[in-house]
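See below for the structure under consideration.
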Amino acid sequence: MTQDAATLLERLRQIVGADHVLTTDADVAPYVVDCRDRYHGVARAVVRPASTDEVAAVVRACSDASAPIVPQGGNTGMCGAATPDRSGSEIVLSLARMHAIRAIDVANATMTVEAGVTLAAAQQAAREAGMLFPLSLASEGSCTIGGNLSTNAGGTAVLRYGNTRELVLGVEVVLADGRIVHGLRGLRKDNTGYDLKQLFIGSEGTLGIVTAAVLKLFSAPKARVTALTAVADVAHAVDLLHAMKDVLGDRLTGFELISGFALYLSRKHHPGSPDPLPGHPWYALLQFDDHSADVPLEDVVESALSNAAESELIADATIAQSQEQAGRLWSLRENISEAQRREGQNVKHDISLPISAIAQFTRDAEAAIVAAFPGARVVVFGHLGDGNLHYNVAAPEGVDARDFLENTPAINGIVHDRVVAAGGSISAEHGIGVLKRDELAHYKSPVELELMRRIKSALDPRGLLNPGKIL
Ligand code: 2HG
Ligand code: ZN
């Protein structure tokens, strides 16, 4: 180790305490690989500050030593944004010890939480205050609010409540030079110039390190109904979405599309899962929430679904009769990603399209993939209600999954060319990280890329914050 490196580590130990500067291989191991096992990095150290002032001091120490920093939350990101590179020069800055709920203001319908609070803990704190924090995603038990902000996470309730971006009123951020932006305002109206907080949301730790946020809370719904429906194809699912919105308005909270093959994988890798509507090519999982208990929500949903059956929009449907049953229906959906991981690596896409273009896209893309890679298995699921599909491509049966990954550029080309031609986006909710950095450079317009680079160099002129990610 060079003199400089030893000095930096010593300074970091003085800031956070020796126990929170991890350097042995065993201690560092969980922080240097992403959750999909795609990226394996090397860290000079992992630092675990416990307060905003400590984060700021760590950033200043790293800046003085010209050491790049990789911020990390729950390490559940899908695009490798929280994994260090292989140079061994980067410091991983884990926000895990910053897990305080700082304040809940029920009258203002806001909650101020630190970056390392898990999403599930934030939801729980809101619930205990009789309110709802609606962000909801499969990894909510381990992903953190800081990571949710950094990636502008989406999930299953975007249809009704919006992305993370729409759920944040204020942020506290440590800048690349160690200064702190104290922006924890809980205002729904604030037109004092540029909306700086939105720069940090979705910037994957490349512009600053989010240490806390003011989140919007909502009234807790009084009734919830979950239904699984079987549909003939994606076009029918899109029509069903429209019909349900028409009848139930914003009581429709979630509308998830699941292909028959995705459901098969979910059940295969999670023995004991229910199989309520076997044998259909496509499914849509619907959730409804209501604030008034005047007309029973279940009656409204039941009648809407029977109308949908009469007009042949759906082939079959089942409505959960208890919270426990609803949880089991949701687990079919939420286990798909993990099932895919167990099945073997696959070429993942997190795309969004105008909802009106989705049915045509799925037909064209699958035909093109199967023509180019006979036997390739397309695993389609996702948040149809907001136009976001996880359009994943798995190896043909019997082909080694890792070998199949060599086709990633060609498969990406097939999928993303069509997405962009249909007016869609190559990253809906997972971000860019390293996984899609080259794709971004290819598909984003030169003028937008130039603006992004100028913002990056204005906020991080020495390029020490999460270098190599996004741009
Ligand atoms: C989900 O919706 C996540 O389950 C993960 O965004 C998607 O694994 C994926 O492709
Ligand atoms: Zn998703």
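Just so you know, all these numbers are worked out from the coordinates, no wet-lab data involved. Small disclaimer: the values here were computed from a predicted structure and weren't measured. Please note: Cβ atoms are built from the backbone with ideal geometry, for glycine as well, and neighbour counts cover all protein chains shown.
Projecting the Cα atoms of Gly375, Val231, Ser352 onto the dipole axis of the chain, where Lys and Arg carry +1 and Asp and Glu carry -1 at the beta carbon, places Ser352 farthest toward the positive end.
Structural descriptor for the stretch 27-165: relative contact order 21 percent, calculated from alpha carbon pairs under 8 angstrom and at least 6 residues apart. Taking a straight Cα-Cα cut-off under 23 Å and skipping sequence neighbours fewer than 8 places away in the same chain, the lysines within cross-link reach of Lys268 are Lys348. A dipole drawn for the chain from +1 and -1 charges on Cβ atoms has a positive end, and of Ala82, Gly468, Ser66 the residue lying farthest that way is Ser66.
Of interest is the spacing of the C-alpha centroids, which for the stretch 88-158 and the stretch 299-377 amounts to 27 Å. Extending 7 Å from Cα along the Cβ direction at Thr408 and again at Asp53 yields two label points whose distance is 4.3 nm.
Multiplying the residue separation of Arg179 and Ser142 by 0.36 nm and removing their Cα-Cα distance gives an extension gain of 10.5 nm. Extension gain for Asp299 to Arg454 (0.36 nm times residue separation, less C-alpha to C-alpha distance): 50.3 nm.
Among the helices of the chain, none built from whole DSSP H runs has Cα atoms reaching 27 Å or more along its own axis together with a mean Kyte-Doolittle hydropathy of at least 0.5. Translational diffusion of the stretch 1-141, estimated by Stokes-Einstein from the Kirkwood radius over alpha carbon pairs at 25 °C in a medium of 0.890 mPa s, is 151 µm² per second. Dividing the convex hull volume of the alpha-carbon atoms in the chain by its residue count gives 152 Å³ per residue. Charged neighbours of Ala284, selected by a Cβ distance under 14 Å, balance to -3 (K, R count +1; D, E count -1).
Legend: P(r) of the stretch 72-133 from all alpha carbon pair distances, 5 Å bins from 0, whole percents, reading 4, 17, 22, 17, 14, 11, 8, 5, 3, 1.
Taking every DSSP bridge with both residues inside the stretch 10-124, close to 45 percent are antiparallel. Pairs from the table (Lys436/Lys469; Lys216/Lys469; Lys189/Lys216) lying more than 18 angstrom apart at Cα are Lys216/Lys469. A viscosity of 1.567 mPa s and a temperature of 4 °C, combined with the Kirkwood radius over C-alpha pairs in the Stokes-Einstein formula, give the stretch 402-471 a diffusion coefficient of 96 µm²/s. The Cα atoms of the stretch 209-313 give a gyration tensor whose axes a ≥ b ≥ c have a/c of 1.5 or more with a/b no greater than b/c, which makes the shape oblate.
Here r is the Cβ-Cβ distance between Ser311 and Ser87 and R0 is 56 Å; the resulting FRET efficiency, rounded to 0.05, is 0.40. Taking all Cα pairs closer than 8 Å and separated by 6 or more residues, the relative contact order of the chain comes to 15 percent.
Each helix, a run of at least 4 DSSP H residues, gives -39500 (n - 2.57); summed and divided by the residues of the chain, these come to -10500 deg cm²/dmol at 222 nm.
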